[in-house]
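Report on the following structure.
The values are calculated or read from the model by the stated rules, or taken from the named source; none is laboratory data. No experiment lies behind these values; they were computed from the predicted model shown. Reconstructed Cβ throughout: ideal geometry from the backbone, glycine too, with neighbour counts over all protein chains shown. Side chains are part of the model used for accessible areas, which takes the heavy atoms of the whole protein and leaves out ligands, DNA and RNA. Shrake-Rupley method; radii C 1.70, N 1.55, O 1.52, S 1.80 Å.
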Amino acid sequence: MTLRVLAAMSGGVDSAVAAARAAEAGHDVTGVHMALSSNPQSYRTGARGCCTLEDSRDARRAADAIGIPFYVWDLAERFHEDVVEDFVGEYAAGRTPNPCLRCNEKIKFAALLDRALALGFDAVCTGHYARLEDGVLRRGVDEGKDQSYVLAVCTPEQLAHAMFPLGDTTKADIRREADRRGLQVADKPDSHDICFIADGDTRGFLADRLGTARGPIVDTDGTEVGEHDGAYAYTIGQRKGLRIGTPAPDGRPRYVLDISPVTNTVTVGPREALDVHEITGERPVVLGGVPDGPFGCRVQLRAHGEVHDCTAELDVDVLRVRLAAPARGVAAGQAAVLYEGDRVLASATVSSAVPSASGR
């Protein structure tokens with residue numbers, strides 16, 4: 001069956017090969033590069049992101065090599081509002097967001113997909129490393145590159161119009177294939193860090209937008225052990241850059257345990273105090289295979305992070321997860337993604353985590 005496919009082409013090797021595979025499969029493919037900044041030079045430069053003029057040119061050259069039409073769509077306003085401002089707002093509220101996950105949720109499979117469907121396209125094709133089999137989202141075969149975690153926020157309706165041609169292939173093989181196809185991006189480095197932070201300095205980026213707000217760093221007993229310039233600059237589990245003048249009584253390192261934007265306080269303590277055994281998630285997205293009542297599965301709490309055995313239960317609009325063994329450093333704002341084997345069952349945004357007794 002021939003489909004009208006819109007290929008999202010970031011300018012990297014993955015999206016280029018995905019578009020080439022869709023075209024080779026006989027689909028009617030059009031390439032589109034999303035312009036995500038009204039001033040591309042204000043975002044990352046060089047071959048490290050997906051928001052630059054260089055990336056747009058690389059995408060156009062790849063489309064020419066594949067032999068498909070190519071356009072640039074301006075989604076800068078939506079990206080700034082739904083991804084950049086959301087990122088800043090989440091940190092200001094003491095949470096730890098994942099901007100790549102938000103980009104999939106709000107841009108690629110909302111703004112982009114909605115426009116594609118309105119123009120008569122059947123599907124959006126991306127270079128994500130994940131598999132879709134009969135509507136079921138599964139991990140990609142390359143464990144090191146699997147991106148099912150950041151796609152788990154997509155609804156079944158959105159996934160019905162998605163295409164992930166790379167899910168059955170490793171990254172090394174994709175680069176070799178790109179070279180065989182004559183795509184100049186075959187050796188282009190992968191993007192790193194956050195694409196819209198030009199120099200990789202997240203703390204500086206947030207400080208420019210949120211300003212300086214001095215406050216105390218306290219130990220678990222309330223003793224002030226340091227001072228910060230803004231609680232937004234810290235994340236749960238952070239060890240380095242705490243600016244604590246005196247060591248802990250036992251001489252061991254301290255870690256960030258809690259961030260309170262209301263009191264502008266950062267609480268630090270021993271590593272074991274980061275252990276949690278129960279997680280609550282809001283805004284769940286169910287992709288199928290979730291029974292009524294508690295059920296056993298596995299949960300992943302950060303991109304490319306460890307997977308934990310757990311018991312989960314959907315309670316109206318809340319996902320509750322009880323871990324078989326404690327997880328460490330779980331922060332509000334992260335995604336909790338449930339798996340059965342390599343199948344994605346559901347996702348939710350972490351709203352709270354209960355410390356393990358051993359961490360008290």
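Details
- Under 17 Å from the Cα of K145 - lysines, other chains or at least 8 residues apart: K171, K188
- Computed over segment 279-343, relative contact order equals 37 percent, with contacts defined as Cα pairs under 8 Å that lie 6+ residues apart.
- Two-site label geometry, E272 and A324: point separation in nm, points 7 Å out along Cα→Cβ: 2.3
- For the chain, built as a Gaussian network whose Cα springs stay under 10 Å, the top-fluctuating residue of A118, A62, A213: A118
- Top of S37, S148, S191 by mean-square fluctuation, Gaussian network on the chain, Cα under 10 Å: S191
- Segment 233-360 - Debye-derived log10 I(q)/I(0), Cα point model, q = 0.14, 0.17 Å⁻¹: -0.63, -0.86
- Classified by the C-alpha gyration tensor, segment 105-213 has an oblate form. Its axis ratio a/c, with a ≥ b ≥ c, is 1.5 or above, and a/b does not exceed b/c.
- Rounded to the nearest 0.05, the FRET efficiency derived from the C-beta distance between D179 and E313 at R0 = 45 Å is 0.40.
- GNM flexibility winner over the chain from D309, D250, D292 (Cα, springs under 10 Å): D250
- Accessible area per residue for the chain, computed on protein heavy atoms with a 1.4 Å probe, is 45 Å².
- On Cα atoms only, tilt of 53-66 relative to the major axis of the chain in degrees: 40
- Here V136 and R209 are evaluated by their C-beta separation; at R0 = 51 Å the FRET efficiency comes out at 0.80.
- Ordering L257, A111, V290 by Cα displacement along the dipole of the chain toward the positive end leaves L257 in first place; charges were set at the Cβ atoms of Lys, Arg (+1) and Asp, Glu (-1).
- Label-point gap, in nm, between E157 and D64 - each point 7 angstrom along Cα→Cβ: 4.0
- Relative contact order of the chain, taken over Cα pairs closer than 8 Å and 6 or more residues apart, is 16 percent.
- Anisotropy class of segment 166-317 from Cα gyration tensor, a/c 1.5 cut: oblate
- Local charge for T263 was computed over the other residues whose Cβ lies under 14 Å away, with Lys and Arg +1 and Asp and Glu -1, and equals -2.
- Heavy-atom accessible surface of the chain: percent carbon and sulfur, 1.4 Å: 47
- Length gained on full extension, R243 to M1: 81.1 nm, using 0.36 nm per residue less the C-alpha separation.
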